[in-house]
Every structure is written in C-alpha cells, then in structure tokens.
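Written out below as structure tokens is the structure these notes cover.
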Amino acid sequence: MVIYGTALLSLCLLAGMLAGEALGWLMGVETNVGGVGIAMLLLMVVTDKLKSARRLRPATDEGVLYWSAIYVPIIVAMAASQDVARAMSGGAAAIVAGVLVVAVAFALVPVVGRIGRPAPTTESGEEA
C-alpha cells in the first residue's frame, strides 16, 4: 500500500533528524548536522535492501517515490535556507567555505559524468 511507503519515508526522516541532532551535539554545535542527508541515505539503503529481498511491494515503492518527488525537495530546500541564514550570520569564513564547496562541486560535474562510460576508442579499435 502507498501508506507503507509514506511510513517508511517518515521513519527514515525521523531517524535521520535524530542522528543529525546527535551529530550536532557531539560536535558541540546547537544545530542539526546533516539530518536530511542521513535520512535520504537511509531511505535509499532501506529501499534497496527491501527490493533485493523482494519485500517491497510495487504500491509501497510508489508511495516512497511519490513522497521522494514531492516532500523531500521541500525539506532539503528548507534545511538549505536555514544553513544559509546561519552562514550569513557566521561571518566570512562560513561564506567562503560555502562558495568553495559549490565551486568544487561544479568543477567535479564533468568528472562524475564520465563515470561508467566506456573509454573512447580510435578507428583501429584501440583505446585512446
């Protein structure tokens, strides 16, 4: 049933948020550190495990896909806006770190895009 997919997403989000809060507490900051990311990774792992064990019914999978398409981007955007607001009040170091991470991510897009592609070959069939 679709409701099981919703429940699975909710449990993963709850576990991720708790883990993010715990991680923030361990780091000595008063914020959630990566809770949404942890939740999404947990959702992917749990969904994959259930699919490989053939325990995830198609209707449940549809529920996960529906909420992933609708709800997850909203949560990520909300978390990102909170991070930006905190970074702006955190000073220049936080802003420089954020800009640097975005620049590195953009620079790595072509590298990641080549992963899994076969190596180009010449006309004689040899690798270039």
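The values are calculated or read from the model by the stated rules, or taken from the named source; none is laboratory data. Quick caveat, the model's predicted, so the values are computed rather than measured. Cβ coordinates were reconstructed from backbone atoms using ideal geometry, including for glycine residues, and neighbour counts include every protein chain displayed.
MET78 - would you say it is within 18 Å of GLY16 (Cβ to Cβ), surrounded by 13 or more Cβ atoms within 10 Å (Cβ to Cβ), out of contact with any Leu (no Cβ under 7 Å at 6 or more places or on another chain) and at pLDDT below 85? Judged against the criteria, MET78 is not a match. Residues in segment 9-16: is at least one under 26 Å from GLY90 (Cα atoms), at pLDDT 90 or above and either in a loop (DSSP other than H, G, I, E, B) or under 19 Å from the mean Cα position of the chain (by Cα) (or both)? Looking for residues that are under 26 Å from GLY90 (Cα atoms), at pLDDT 90 or above and either in a loop (DSSP other than H, G, I, E, B) or under 19 Å from the mean Cα position of the chain (by Cα) (or both), one finds at least one in segment 9-16, hence yes. Scanning segment 17-29 for residues that are aromatic (Phe, Trp, Tyr) and either within 17 Å of the chain's Cα centre (by Cα) or surrounded by 14 or more Cβ atoms within 10 Å (Cβ to Cβ) (or both) yields a count of 0.
Of all residues in segment 30-53, at least one satisfies being free of Cβ contacts under 8 Å to residues at least 12 places away in the same chain and β-branched (Val, Ile, Thr).
Looking at LEU56, LEU50, which one is of a type in the set (A, V, I, L, M, F, W, C) and either modelled with pLDDT of 85 or more or exposed (fewer than 10 other Cβ atoms within 10 Å of the Cβ) (or both)?
Sole residue among the options that is of a type in the set (A, V, I, L, M, F, W, C) and either modelled with pLDDT of 85 or more or exposed (fewer than 10 other Cβ atoms within 10 Å of the Cβ) (or both): LEU50.
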